[in-house]
Structure formats: C-alpha cells, structure tokens
Amino acid sequence: MTTSQKNPAKTDLCHQPGLTRLEDALRIAFNDVAVRAPVIEAPLSDCYGAILRKDIVARVDVPSADNSAMDGYAFCHADLQEFVGTSDAQIIVGGVSLAGHPFAREIPRGQAIRIATGASIPDGADCIIIQENITANADETLLTIPQDVIAKTRLHQHIRQRGEDVATGMVVLPAGKRLRPQDIAVAAGQGYQSLPVSRPLSVAVFSTGDELARPGDPLPAGGVYDSNRFAMIGMLRACGCRVTDLGLLADDFDVLKTALKDAAQTHDVIMTSGGVSVGKADLLKPVVDSLGEIQAWKLAIKPGKPLMRGRIGGCVVIGLPGNPVSVMVSGLLYAVPLLLHMMGAADQVCAPVRLPATAGFDFRRGTGRREWLRARLVQDDDGQWVAIPYHSASSGMLSSMVWAEGLIEIAEDCGQVKKGDRVLYLPFGGLQAF
C-alpha cells in the first residue's frame with residue numbers, strides 16, 4: 001500500500017495533538033493571507049518565472065493558413081487518382097511555394113507545386129508527397145512518382161490545417177500560471193509584447209543566533225557559519241521574490257524588535273531562520289507577538305515542526321526553524337507555496353509534484369507527523385527505478401540535501417515502509433524553488 005492510499009479518515013485523526021497538518025496549515029494560510037502582489041504590465045523578456053494574472057486569449061490562428069508539414073510537392077489528390085492502377089506518373093512542376101513566399105495562383109490541373117516546410121498550401125492543392133518519395137529531373141521541372149506511392153497517398157496528407165495548433169479566441173495561457181519559456185514563446189507567437197503579471201513580492205531575510213558567523217569571518221570556538229540565510233535567499237529568488245538581506249541579528253529582544261518593526265514597514269514579507277522554538281534564546285515568537293500577532297505555530301511535520309507564521313501590520317512574518325534541513329524542507333513545502341499564493345498563483349502551481357515510486361529501503365518510525373526523507377532514484381538490477389534515502393535522517397546534515405535529488409514523503413499514519421512498497425517521491429525539479 002502506498003502512502004497515498006491510506007484511509008483519509010484515519011489520517012485525519014492520526015497526527016500529534018497541538019500540531020497542525022501541512023495541508024491544513026496551507027489551507028488556513030491561503031484563507032488568511034490575501035493575494036497582495038499588484039498587477040504590472042511587464043515586457044515578455046521580464047516575464048520568465050512570473051505569475052500570470054489574467055487569461056491570455058489567442059489573437060491569431062496558428063497556423064495562420066493551411067501549410068506544409070514536410071518538404072515535397074503539393075498536388076490535387078483527384079489528379080493523382082487518375083494514375084491509380086496505371087504506370088508510374090509523370091507530372092510537370094508548375095511553380096514553387098516557400099515560407100513567406102506563397103504560390104499566388106491556383107494550382108494548375110494535372111501539375112505539382114514544389115513546396116517547403118511551413119509554406120502555404122496553394123489553392124486547389126490538398127495533399128503533399130515528400131520529396132524522398134519522388135524522382136525529379138535535373139531542373140526539377142518534371143516528376144516521376146512510383147505507382148505504390150500514388151496508391152498510398154491520402155487526402156490532406158502532410159498538411160497542417162489552419163488553426164489546428166491555436167484557434168483565435170481560445171485561452172492559450174490561464175491566469176495563475178507560472179510562466180515558463182514555452183509559455184512566453186506562445187504569447188510572442190500571438191503578437192503580445194507584454195503580459196499582466198504579479199509584481200515580485202519584497203521579502204526581508206535574516207538569521208538569528210549568537211553562535212552564527214558570517215562566511216569569510218573568523219569562526220569562533222563552537223560557532224557555525226550561517227548557511228540558512230543563503231538557502232532562504234536562493235529559494236525566494238527562485239520563486240520570483242525581490243530579496244533584502246538583513247544579515248545576522250543577535251539574540252536580543254530589542255535588536256530583533258527594532259529590525260522587524262522597520263522591515264515590516266517596507267516589505268511584504270519577513271522570513272527568518274531560528275528563534276521560533278521554546279528555548280531561552282528563541283525570541284522571534286515573543287517579538288512578533290509584541291508587534292503584531294502569531295497566527296500559526298508548530299506543524300505536524302518532520303523536519304520543520306517549530307515553524308511560525310505571524311503578522312506585523314500588513315507584513316507577513318514566516319519564521320523557519322534553525323536546523324538547515326528543516327529550513328529547506330519547510331521552506332519548500334510551506335513558505336514557497338504561500339509566497340506563490342500571495343503572488344496570485346493557482347493552487348496547482350503551488351503544490352509540489354508527487355510521483356509514485358518503489359521503496360528501495362526498510363524504515364520504521366513513530367506515527368503522528370508527516371515526514372520527508374532526503375532521497376534519490378536509482379536503478380535496480382532489473383532496470384527499475386527505486387527510491388533510496390540518505391543514510392541519516394538528521395535535520396542538521398545540510399550535505400544530505402546536496403546528495404539528494406528529491407524527497408520521500410511518509411504519511412502521518414504510516415509507521416513502517418518495507419522494501420518494495422509504493423511511496424511518494426517529490427523530485428526537487430517539481431518544487432517551485434528549484
């Protein structure tokens with residue numbers, strides 16, 4: 001049984017009391033936090049990765065006229081039928097049709113027109129025979145067509161019909177879509193010079209922790225270099241946000257309060273790592289509570305349980321845990337979807353890709369939280385792809401995220417995975433910040 005085949009009713013009851021399931025937390029957040037990014041009209045070259053805010057409707061048919069799918073010769077099918085059952089046909093070439101330079105007259109009866117891929121079909125022509133199946137004389141004025149080729153030629157063969165790709169008036173790009181290169185190309189093919197997209201959210205980022213040092217500075221005894229801030233900045237930029245890096249902030253109530261108060265006045269979102277648990281130095285939660293309100297805290301997930309969402313005025317505050325793997329997992333599966341929602345993305349855009357895979361491992365655990373194992377797919381001796389987890393589940397091992405190519409998802413009520421079971425695999429390429 002796969003993790004996606006568990007009884008939904010049982011899963012609803014099988015999470016730790018006081019903790020919120022991920023899907024519930026996101027649903028609540030989507031309801032609490034409105035789409036706030038204003039719509040801007042951006043030139044096509046600035047729209048890659050942006051969230052489209054209005055449906056884009058086709059202005060022209062694609063193709064704009066019937067055209068040839070192959071290099072060859074255009075014929076009237078009825079003319080060819082006169083040669084069926086006789087000897088090989090010899091037919092005069094009456095002209096040429098090239099892309100951008102069509103044959104301007106109706107095809108003469110009993111003749112062929114030399115035609116290039118993408119060229120308009122001459123009036124009166126209704127089939128194409130590819131050049132490899134025809135023998136032409138030296139100056140291509142006379143064709144010899146084998147009898148078996150004529151017999152196999154079909155009406156409308158190798159002809160692209162007008163509008164068969166895109167018809168005028170159809171929605172070619174729906175609102176809420178995150179724009180990829182092929183989406184921009186479709187818009188360009190419809191003559192659009194710009195598109196209505198979300199303005200990037202402005203996000204202030206900082207890390208907290210007196211044990212942290214900036215990369216490049218001397219590392220004090222017992223200290224660690226700050227890596228979480230760079231992970232957050234990378235995820236934010238990848239999902240289309242404009243980032244202000246506030247650096248490292250001390251574990252000091254007044255310092256944090258001043259920084260958050262100032263940042264909240266000029267940013268849509270503040271994202272932090274560390275300071276959201278229950279230790280003496282975990283000051284972020286009380287600071288936010290003093291300036292605004294805490295709206296969510298602690299999710300039924302592993303890693304990433306001590307995640308916080310709050311508000312200071314109109315600014316959303318997202319407090320990620322301090323462990324580096326927790327930062328990335330909770331950031332990818334909670335923070336990034338919420339940010340995309342705030343920019344107007346459709347729900348299906350916010351959700352990660354989940355693929356069924358075969359477990360190549362045995363695993364036991366306590367139930368109650370949804371868990372993600374860092375993983376990659378490998379081929380077994382039979383050539384089948386199986387999911388293999390990293391050798392350690394420690395949320396402090398950032399190198400595991402470098403090794404991994406995705407995540408294995410274990411449902412709240414699943415306490416054991418056996419080799420050969422079906423599991424859900426979330427490839428990093430299916431997450432919106434990779």
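The values are calculated or read from the model by the stated rules, or taken from the named source; none is laboratory data. Predicted model, so just to flag it, every value in this text is computed and none were measured. Note that each Cβ is placed from the backbone with ideal geometry, even for glycine, and that neighbours are counted across all protein chains shown. All accessible areas refer to the heavy atoms of the entire protein, side chains included, with ligands and DNA or RNA removed. Shrake-Rupley method; radii C 1.70, N 1.55, O 1.52, S 1.80 Å.
Tabulated data
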read-out: Any strands (runs of 3 or more DSSP E) falling wholly within region 365-434 and containing at least 2 residues that are open to solvent by less than 10 Å² (accessible area, probe 1.4 Å) and touching a strand residue (DSSP E or B) at 6+ places or on another chain (Cβ under 7 Å); value: 370-379, 406-410, 422-427
read-out: Near pairs, Cβ below 9 angstrom, 6+ apart or cross-chain, from region 171-190 (over 20 Å from Pro63 (Cα atoms)) to any residue that is assigned to a loop (DSSP other than H, G, I, E, B) and among the acidic types (Asp, Glu); value: Pro174/Asp55; Ala175/Asp55
read-out: Subset of region 350-364 [open to solvent by 20 Å² or more (accessible area, probe 1.4 Å) and closer than 24 Å to Leu179 by Cβ]; value: Ala351, Pro352, Val353, Arg354, Leu355
read-out: Single condition Val317 does not satisfy, out of (1) in contact with a Lys or Arg (Cβ under 7 Å, 6 or more places away or on another chain); (2) surrounded by 18 or more Cβ atoms within 10 Å (Cβ to Cβ); (3) outside any strand (DSSP E or B); value: (3)
read-out: Region 73-109: number of residues that are under 16 Å from Ile134 (Cα atoms), open to solvent by 70 Å² or more (accessible area, probe 1.4 Å) and hydroxyl-bearing (Ser, Thr, Tyr); value: 1
read-out: Thr117 vs. criteria over 30 Å from Leu249 (Cβ atoms), out of contact with any helix residue (DSSP H, G or I) (no Cβ under 7 Å at 6 or more places or on another chain) and not in a loop (DSSP other than H, G, I, E, B); value: no
read-out: Any hit, region 195-205, residues being surrounded by fewer than 14 Cβ atoms within 10 Å (Cβ to Cβ) and modelled with pLDDT of 95 or more; value: no
read-out: Which listed residue is closer than 25 Å to Ile408 by Cα and touching a Phe, Trp or Tyr at 6+ places or on another chain (Cβ under 8 Å), from Leu339, Leu299; value: Leu299
read-out: Single residue of Ile128, Ile159, Ile145 found to be open to solvent by less than 40 Å² (accessible area, probe 1.4 Å) and more than 42 Å from the chain's Cα centre (by Cα); value: Ile145
read-out: Any hit, region 258-276, residues being open to solvent by 50 Å² or more (accessible area, probe 1.4 Å) and within 30 Å of Cys414 (Cβ to Cβ); value: no
read-out: Residues within region 358-377 that are closer than 19 Å to Gly429 by Cβ and in contact with a Cys (Cβ under 7 Å, 6 or more places away or on another chain), tallied; value: 0
read-out: Any pair with Cβ under 7 angstrom, 6 or more apart, that starts in region 35-54 at a residue that is among the aromatic types (Phe, Trp, Tyr) and ends at one that is outside any loop (DSSP other than H, G, I, E, B) and modelled with pLDDT of 95 or more; value: Tyr48/Pro181; Tyr48/Ile184
read-out: Some residue of region 320-331 being outside any helix (DSSP H, G or I), open to solvent by less than 10 Å² (accessible area, probe 1.4 Å) and not polar (S, T, N, Q); value: yes
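Quick grid of which residues meet (1) among the acidic types (Asp, Glu); (2) more than 30 Å from Gly234 (Cα to Cα):
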{"site": "Thr367", "(1), (2)": "no, yes"}
{"site": "Val378", "(1), (2)": "no, no"}
{"site": "Asp381", "(1), (2)": "yes, yes"}
{"site": "Pro389", "(1), (2)": "no, no"}
{"site": "Ser394", "(1), (2)": "no, no"}
{"site": "Val402", "(1), (2)": "no, no"}
{"site": "Glu409", "(1), (2)": "yes, no"}
{"site": "Val417", "(1), (2)": "no, yes"}
